[in-house]
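What follows is a single structure, written as structure tokens, with notes after it.
Derivation of every value follows stated rules applied to the coordinates shown; laboratory data play no part. Just so you know, these numbers come straight off a predicted model, no measurement behind them.
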Amino acid sequence: MVVTRDTVIGELLETDINTARVLMEAGMHCVGCPSSINESLAEACMVHGINVDSLVDALNAFFAEE
């Protein structure tokens, strides 16, 4: 999977539930929240004050290792 700013959190979790660890390590502790499932990474990062580009890089690195 190639992750972009527009990737939806629910899609990430469906693809590999272990992406929750990457999200939580970045400070996004809302992965279990029903509303986060339909949010893009860019939207969620904006709400939580997280650098979306760094998170996208971390998620793509995660998938590269898989």
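Estimated from helices alone, the mean residue ellipticity of the chain at 222 nm is -15500 deg cm²/dmol (sum of -39500 (n - 2.57) over DSSP H runs with n ≥ 4, per residue).
Quick one: length gained pulling residue 63 to residue 51 fully straight, 0.36 nm per residue minus the C-alpha distance?
That works out to 2.4 nm of additional length.
Taking every alpha-carbon pair under 8 Å whose residues sit at least 6 apart, the chain reaches a relative contact order of 43 percent.
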